[in-house]
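So the structure is just underneath, and the comments pick up after that.
The values are calculated or read from the model by the stated rules, or taken from the named source; none is laboratory data. Keep in mind it's a predicted model, so treat the numbers as computed, not measured. Counting neighbours? That spans all protein chains shown, and the Cβs are built from the backbone with ideal geometry, glycine included. For the accessible areas, the whole protein counts, side chains as well, though only heavy atoms, and no ligand, DNA or RNA atoms are used. Shrake-Rupley method; radii C 1.70, N 1.55, O 1.52, S 1.80 Å.
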Amino acid sequence: MSGALAGGLGTMAGTLTDTLVKPTEATQQAVGYPSLFLLVVLGSLVPVVPTGALVSGAAVVALHQSLPLFSLLTVFGVASFAAFLGDIGLYWLGRRGVGSKNGSRWLAQLRERAAPERLAQADSKLREHGVAVLVVSRLVPAGRIPVMLACLLARTPLREFARGDVFACLAWAVVYQLIGVAGGALFPSPWEGIAAAVGLTLFLSTAPSLWRRIRPPRSS
């Protein structure tokens, strides 16, 4: 009797441990998708959160779900919609600063994050290609803010900015999700795939700025 009771308690303890240590797929989705949405929106408004790494990591987790295609499509939809909302929110806040005599804190932060030479390049590309340049800016590391600031200074209407930004966010979500899928396919463990995908994403994000810092100055 005591042996059966001990066995039952052991089974219950093992089940409880598995529930706490290994959350169910439904729990992962219930927590993961809203967290991904909020973090991508936040990262779009405050450009310090590595949103690309978040999408790549989420893609790895989705790849190991029971319905990977559905999970990947959900990650794509959540990430692209969140990025679009964050971009539109930041652009709206920046426009308030452009139209004000004293500017705004958001516009000042955008100016601080856009080097003069990058802003000049973004302005030139904007004049040449219009809002289509937003697609490339979302894929180039540190390219989003200079182009957004150029659009603000050119007083591009919000509707026109949104028309170009929706394609930019869709392309951005696809690229970083593919990085996650590649990382997840290389390793059997989800955590190994997440580490590989996040590491590659962070490398791609920081490599251009590091190269600009260490490369020798061009001779005149």
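With respect to residue 42, determine if the residue is open to solvent by less than 70 Å² (accessible area, probe 1.4 Å), among the hydrophobic types (A, V, I, L, M, F, W, C), modelled with pLDDT of 55 or more and assigned to a helix (DSSP H, G or I). Considered against the rule, which asks whether it is open to solvent by less than 70 Å² (accessible area, probe 1.4 Å), among the hydrophobic types (A, V, I, L, M, F, W, C), modelled with pLDDT of 55 or more and assigned to a helix (DSSP H, G or I), residue 42 comes out as no. When you check residue 121 against the structure, is it modelled with pLDDT under 90, within 21 Å of the chain's Cα centre (by Cα) and open to solvent by 20 Å² or more (accessible area, probe 1.4 Å), yes or no? Spelling it out, it is not the case that residue 121 is modelled with pLDDT under 90, within 21 Å of the chain's Cα centre (by Cα) and open to solvent by 20 Å² or more (accessible area, probe 1.4 Å). Residues that are hydrophobic (A, V, I, L, M, F, W, C), farther than 30 Å from residue 112 by Cβ, surrounded by fewer than 22 Cβ atoms within 10 Å (Cβ to Cβ) and under 14 Å from the mean Cα position of the chain (by Cα) within region 45-77 comprise just one, 76. Among helices (runs of 4 or more DSSP H) entirely within region 59-166, having at least 1 residues that are β-branched (Val, Ile, Thr) singles out 68-98, 133-139, 144-153. Going by the conditions given, is residue 134 buried (at least 21 other Cβ atoms within 10 Å of the Cβ), in contact with a Cys (Cβ under 9 Å, 6 or more places away or on another chain) and not charged (D, E, K, R)? When the stated conditions are applied, residue 134 passes them.
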